[in-house]
1. Counting just the residues of the range 192-222 that are polar (S, T, N, Q) and either within 14 Å of Glu133 (Cα to Cα) or modelled with pLDDT under 85 (or both), which one comes out surrounded by the most Cβ atoms within 10 Å (Cβ to Cβ)?
2. Identify, by number, the condition in (1) in contact with a helix residue (DSSP H, G or I) (Cβ under 6 Å, 6 or more places away or on another chain); (2) open to solvent by 20 Å² or more (accessible area, probe 1.4 Å) that Asn183 doesn't meet.
3. Is it the case, given these coordinates, that Asp116 is closer than 13 Å to Tyr221 by Cβ and either open to solvent by 50 Å² or more (accessible area, probe 1.4 Å) or at pLDDT below 75 (or both)?
4. Among the residues of the range 78-93, write down those that are touching an Asp or Glu at 6+ places or on another chain (Cβ under 8 Å) and either aromatic (Phe, Trp, Tyr) or over 19 Å from Ile12 (Cα atoms) (or both).
5. For Gly10, which of the numbered conditions (1) surrounded by 21 or more Cβ atoms within 10 Å (Cβ to Cβ); (2) at pLDDT below 90; (3) closer than 16 Å to Arg127 by Cα fails to hold?
6. So is Ala168 modelled with pLDDT under 90 and among the small types (Gly, Ala, Ser) or not?
7. When residues of the range 188-229 are filtered for being part of a loop (DSSP other than H, G, I, E, B) and without any contact (Cβ under 8 Å) to a residue 60 or more places away in the chain, how many remain?
Amino acid sequence: MSTPTSRGNGSIGVLIVDDQALVRAGFRMILEIEPDLHVVGEAADGEDIAAQVAALRPDVILMDVRMPGVDGIAATRALLSDPSCQARVVMLTTFDMDEYVYRALEAGASGFLLKDVQPELLVAGIRAVHGGETLLAPTVTRRMIASFLERPPAVDPAAKAQLEALTAREREVLSLVARGFTNAEIAGDLFVSETTVKTHVGRILMKLALRDRVQAVIFAYENGVVTQG
């Protein structure tokens, strides 16, 4: 594991967690040619990840799902159970499987990508997650939406009360977030500024007591905010 390195203002610190040295080296080569990205360290498994994050202070963690010992999902759950942790986690795997997607998102991951993602999409994804966006591979998004739409929405009185606290515009924004729209796309769809969208998203997360957009997506589908048609 690398030691902490000071970063310039605006630089995004990335911690790479993967049991394959070649994979870590490949990601490092891709990221370090970008002026605003800096690899603060590497780890071969999820053990003691909280201590590593405390020492290296990454902004974004690229986390392999399947690793010997403590896997990426368990490591993510343990890490993000601490409210003081501000790092965002992007899960990486060679397997596009629903089992891992749902478990990773429930653990608090902010994104999920396949390891064969194009370099430019990986870089753009890290920047998007750092900026508060949700990051899911298109195939994952389509299947997740289809899966939730096949289920009847859960009847949760507490969630219903939380939803009733949202304004009509906030519910509209939540619906678009759940469908995978970025802030820029929501702004264009609603004819408002991105700053306004960010304000709405922040209020939605606060009112629903959610950590980030991924949790908002799960909440929206589980509680029938987005339905077929």
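The values are calculated or read from the model by the stated rules, or taken from the named source; none is laboratory data. As the structure is a prediction and not an experimental result, all values here were calculated from the model. Positions of Cβ are backbone-derived with ideal geometry, glycine not excepted, and every protein chain shown enters the neighbour counts. With ligands, DNA and RNA removed, areas are computed over all heavy atoms of the protein, side chains included. Shrake-Rupley method; radii C 1.70, N 1.55, O 1.52, S 1.80 Å.
1. Across the range 192-222, the extreme among qualifying residues is Gln215.
2. (2)
3. Answer is no for this residue.
4. Answer for the range 78-93, where residues must be touching an Asp or Glu at 6+ places or on another chain (Cβ under 8 Å) and either aromatic (Phe, Trp, Tyr) or over 19 Å from Ile12 (Cα atoms) (or both): just Thr93.
5. The single condition Gly10 does not satisfy is (1).
6. So Ala168 fails the test.
7. 6
Okay, residues lined up against (1) within 18 Å of Asp19 (Cα to Cα); (2) over 10 Å from the mean Cα position of the chain (by Cα):
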residue	(1), (2)
Val70	yes, yes
Ile73	yes, yes
Ala78	no, yes
Pro83	no, yes
Leu92	yes, yes
Tyr100	yes, yes
Gly111	no, no
